[in-house]
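Here the structure is laid out as structure tokens; the discussion comes afterwards.
Nothing in this text is a laboratory measurement; each read-out follows from the coordinates by a stated rule. All figures in this text were calculated on a predicted structure; none of them were measured in a lab. Note: ideal-geometry Cβ built from the backbone for every residue, glycine included; neighbour counts use all protein chains shown.
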Amino acid sequence: MDTKRLTLRFPVRRLPLVLFAAAALAVPCAAVEAARSINERRPVEAAGSIDIIDPAGSVEIAGWDQPVLEVTGTLGDGVERVEVTVNGARSVVKVVLQKDSGWNASGEARLVVHVPRRSSVSAALVSADLKVSHLEGMATLQTVSGDVEGDVGQNVQVSVVSGEVRLVAANARAINVRSISGDVTVTGGGGDVDVSTVSGDIDLTLATVRRGRLKTVSGELKASLALADDGQLDGESVSGDIDVKFQAAPVADFALQTFSGEISNCFGPKPEEPPYGPGSRLVFRNGAATGHVRLETKSGDIDICAKDTRGSRAVDWSPPRSGAGPRYAVVV
């Protein structure tokens, strides 16, 4: 056997494997370098305002008991820096992208931002998900493409183009949610409530509502709430059912209409069936009628009910049929 030939072949056959192993070991190192970390802390006022701007990635905002603004997380290789500035009572966290980053560079910043829980928070994101928790101040939350979820303590305003909204706002007295494409689910709060979505369902579980404006173009509308004595509730769906459950039968004027569907009422008079064509209409007054309820859907059913109907007294004041006297339906 030619030992020299064996000696010469051995390193030649192993050389590609050695190069492959070295390349494999280099990949994690490059990935680590691409995803840089950030850890910034600044003293801030306990009830100041904090603005957060992030073009892409994700942001989690959590309230805590320290008068400190803390920003942690990871930055993609397309991110130049994160600016954290404090000017009096106003603080700003801004993600700055590299101007000359390559086409495959990651411009994502995945941040966890701790703020004093009584801060007023404003977040403006582009392509990023947003989570909030343990906040007691007012929250203004906006993302173009991403979901918004979590819990807030005070008034909240949300704007989403493409994404779902899932919020708990236990003590909010003003809730304003706008979504173009996505479902909206809100629990808690009351007062003034304005919720709309173009393509998506609305599902609300609220306290006492004074002014309610609920609208979905293509989706179902469900709401469980109490209506203030002089409260007003307007609900509208172009293509979808409307289902409203009251804590108690409201003392209000009711105007319900569906152009292609049925109306169901568990505490008042039954709807009128038109002599020709589909659809249904119900107009009646419950008690002294200090409030107003208007529900309308173009294509869908309307269902209203109350958990407590004790003491309700509904009078049907629909226009009488020709040649007939006024019709009254008293429901006890």
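Values for this structure:
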{"item": "Length released on extending from residue 97 to residue 133, taking residue separation times 0.36 nm less the Cα-Cα span", "result": "10.3 nm"}
{"item": "Euclidean distance between Cα centres, the range 229-284 to the range 55-101, Å", "result": "48"}
{"item": "Chain lengthening between residue 65 and residue 89 when straightened (0.36 nm per residue, less Cα-Cα)", "result": "7.0 nm"}
{"item": "Subset of 131/298; 131/307; 94/215; 99/131; 270/298 violating a 24 Å alpha-carbon distance limit", "result": "131/298; 131/307; 94/215; 99/131"}
{"item": "Residues 72, 143, sorted so that the one with the fewest Cβ neighbours within 10 Å comes first", "result": "72, 143"}
{"item": "Radius, Kirkwood style, for the range 147-219 when every pair of distinct Cα atoms is counted (Å)", "result": "11.6"}
{"item": "Distance (nanometres) between label positions extended 7 Å along Cα→Cβ at residue 205 and residue 162", "result": "3.1"}
{"item": "Residues whose placed amide H lies under 5 Å from that of residue 262, excluding near-sequence neighbours", "result": "301, 302"}
{"item": "Share, in percent, of DSSP beta bridges within the range 35-127 that are antiparallel, nearest 5", "result": "50"}
{"item": "Value of D in µm² per second that Stokes-Einstein yields for the range 79-216, Kirkwood Rh from Cα pairs, at 20 °C (1.002 mPa s)", "result": "135"}
{"item": "Overall Cα dimensions of the range 35-127 - principal axes, largest extent first, Å", "result": "41, 19, 18"}
{"item": "The range 147-219 - percent relative contact order, Cα under 8 Å, separation 6 or more", "result": "24"}
